[in-house]
Amino acid sequence: MTSLWRDAAAQGEDAEEMPSSRYEAATLPTGRFDVAVVGAGITGLATALMLVRGGLEVVVVEANDVAALATGANTGKASVLQGSVLQRIRRAHSTRLARAYVEANLDGQRWIAEFAQHHGVPVAEETAYSYASTDDGLRTVDRELDAALAAGLPVERIDRMPVAFPFEGAVALPGQLALDPYRLAVAMARAFVAEGGVLLERTRVEGVNAGRPVEVQTPTGTIRADAAVIATATPILDRGLYFAKLHASRSYLTSYRVAEPPPSGLFLSVDEPTRTIRATPDPGADAGADGPPLLLVGGNDHPVGGVPSTEAKVQDLIEWTHRHFPGAELTHRWAAQDYHSLNLVPFAGRMPRGRGRVWFATGYGKWGLTNGVAAAIRISSEILRVPWFEQRPWIRVIGTRVTMPADLARGVGEGARVARDLASGWAGAQGHPAPVPRPAEGEGSVVSRGGVPYGVSTVDGRTCAVRAVCTHLGGVLTWNDAESTWDCPLHGSRFEASGRRIEGPAVYDLPETTRTPPRI
């Protein structure tokens, strides 16, 4: 499932080799850096750029390549109006904290706009709409309007719009940004290297020792620095147990050529099923041609590893689009994963048990473009030793927020869900003993042999059997039939059919079986 953004880069000027890696993956840099940043998504690259511009020696270490996961697969909306986010924060916290959240996102948005302008990344200004597709959703729209006004945003109420999909009313905020997130990340990586940074791709970090110096451990050696920033979508370190303070969700995006121009604006429904809609230039159009833009439709988010068929979610999205945009021609389909803070506000700052030398950020709840840059602003200001009283007011507000009873209740509920999924996964595997028939192409199943769950799948004509137990905390994996991956319902770790780790708090591949795999 290749995203539109990466495919566009392969066809355009970004197809040229990016001057990213100063070193091959097998040859680690020697010496000692001021800061090692783990992860080359929006947070890691923005943090690294800010630190390099602050005069520090910085290395970015990335397990895959730049923007390989959430950053390169999101909707490309850098908006401060974010569905029903503000009312949820206001209901659980104070209006002061909700306003600080808005100010943080506005700072992130301004940084993106300024960077894009100076580095030739196209950005369009659009009006964002948090809209209701049903009468019942109008109550949510009204609450979001009140929360946005209380947070200082110049929003307005919209009753009707001539759009092809169900639309009963909305909150509208002009001046929001639409862009290609992969192109933005590539430009950031180029700028980072051009300004003296070191970008090391295809090098997985397996651990961090927060000593003096900090040691970043990889399969091919150790990178040393005075400080480290964990800028993976969910922390790969278990310090602070942040994996238990997050909820992992996966959603889908599709793009289409349509007969009529798509509606102008950034649309996000506040009721279920979630739909996100926007237009974007067609990268497949002839050079210089002013053809109609593509239609982007996304939604159908669900807990990672928590639905019987992910392919059914994709097909539902495609059918919805065909119903409201007859004749729409599908060009791309892909998925993205993000982590929601059970506190409702992203986490960023020093990591517990990091001895004051390890920082992290996570929990953007699908709004990683603006929140990721905001996290970079906070982390870089702390590493650069900006005095507390000189830091931006929103940093001081968010940095001193307290845990509320509702936060604890959400945490207890999520912990109970994880315990249920752990128990049901192991029990379910025992109900399907090996041997099993060879799976058809694109199919996979979990079976048990000697009490051990195995995952058996067939992808691209090759049948594999792996131990279907997550290398993080031992959850039994489920088969993702839309993407041909093994997904963990506990905390969102994902693995290829062959067992290679893709993302999540897990840092190791699924181990090779030490006994004969189930007979197929």
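The values are calculated or read from the model by the stated rules, or taken from the named source; none is laboratory data. Keep in mind that this is a model prediction, so the values were computed, not measured. Cβ atoms come from the backbone with ideal geometry, glycine included; neighbour counts cover every protein chain shown. What goes into the accessible areas is simple: the full protein's heavy atoms, side chains included, and nothing from ligands, DNA or RNA. Shrake-Rupley method; radii C 1.70, N 1.55, O 1.52, S 1.80 Å.
Using the Cα gyration tensor of the chain, with a ≥ b ≥ c the square roots of its eigenvalues, what is the shape: rounded (a/c below 1.5), prolate (a/b larger than b/c) or oblate (neither)? Mind dumping the intermediate values first?
Numbers: a/c = 1.33, a/b = 1.07, b/c = 1.24.
Rounded.
Express the accessible area of the chain per residue in Å², computed with a 1.4 Å probe while the remaining protein chains stay in the model.
Numbers: 21090 Å² over 520 residues.
Accessible area per residue, the chain: 41 Å².
For the charge dipole of the chain, defined by +1 on Lys and Arg C-beta atoms and -1 on Asp and Glu C-beta atoms about the Cα centroid, which residue among SER381, SER269, ALA8 has the Cα displaced farthest towards the positive pole?
Checked the options; the winner is SER381.
How much of the DSSP beta bridge set in the chain is antiparallel, as a percent to the nearest 5?
Numbers: 75 of 97 bridges.
Roughly 75 percent of the DSSP beta bridges within the chain come out antiparallel.
Can you list, by residue number, the Cys in the chain that have no neighbouring cysteine C-beta under 4.7 Å?
CYS464
May I ask you to list the trypsin sites (Lys or Arg not before Pro) in segment 276-366 that are in a DSSP loop and have at most 15 other Cβ atoms within 10 Å of their Cβ? Intermediate results must be reported in sequence, preceding the final value.
Working: sites: ARG278, LYS313, ARG323, ARG333, ARG350, ARG353, ARG355, ARG357, LYS366; in loops: ARG353, ARG355, ARG357, LYS366.
Sites meeting the loop and neighbour criteria: ARG353, ARG355.
From the residues GLY211, GLY152, ILE230, which one has its Cα farthest along the dipole of segment 148-240 in the positive direction, the dipole being from +1 and -1 charges on Cβ of Lys/Arg and Asp/Glu about the Cα centre?
The listed residue farthest towards the positive side: GLY211.
What dipole magnitude, in Debye to the nearest 20, does the chain give about its Cα centre under +1 on Lys/Arg Cβ and -1 on Asp/Glu Cβ? Write down the numbers at each step before the final one.
Numbers: 52 positive and 57 negative charges, 437 e Å.
With Lys and Arg at +1 and Asp and Glu at -1, about 2100 debye.
Under 25 Å from the Cα of LYS77, which lysines turn up, not counting those fewer than eight places away in the same chain?
LYS313, LYS366
Expressed as a whole percentage, what fraction of the accessible surface of the chain belongs to carbon and sulfur atoms when a 1.4 Å probe is rolled over the protein heavy atoms? Don't skip to the answer; put the middle values down first.
Working: 10670 of 21090 Å².
Answer for the chain: carbon and sulfur cover 51 percent of the accessible area.
Just check segment 110-168 against the gyration tensor rule for me: Cα atoms, a ≥ b ≥ c as the square roots of the eigenvalues, rounded for a/c under 1.5, and otherwise prolate or oblate depending on whether a/b exceeds b/c. Before the final figure, lay out the partial values.
On the way: a/c = 3.72, a/b = 1.75, b/c = 2.13.
Cα axes put segment 110-168 in the oblate bin.
For the chain, what is the calculated [θ] at 222 nm in deg cm²/dmol (nearest 500), taking -39500 (n - 2.57) for each run of four or more DSSP H residues and dividing by its residue count? Write out the running numbers ahead of the final one.
Values: 10 runs with 144 residues, N = 520.
Rounded to the nearest 500, it is -9000 deg cm²/dmol.
If you count only protein heavy atoms and use a 1.4 Å probe, how large is the accessible surface of SER498, to the nearest 10 Å²?
Approximately 60 Å² for this residue.
Find which of ALA70, LEU86, LEU49 sits farthest along the positive direction of the dipole of segment 33-99, computed with +1 on the beta-carbon of Lys and Arg, -1 on that of Asp and Glu, about the Cα centre.
Farthest towards the positive end: LEU86.
Give, rounded to the nearest 20 debye, the magnitude of the charge dipole that segment 67-158 has about its Cα centre when Lys and Arg contribute +1 at Cβ and Asp and Glu contribute -1 at Cβ.
Numbers: 10 positive and 11 negative charges, 75 e Å.
It comes to approximately 360 debye.
Students sometimes get this wrong: rank GLU103, GLU114, GLU260 by accessible area, probe 1.4 Å, all chains present, largest first.
Details: GLU103 70, GLU114 105, GLU260 130 Å².
Per-residue accessible area, sorted high to low, gives GLU260, GLU114, GLU103.
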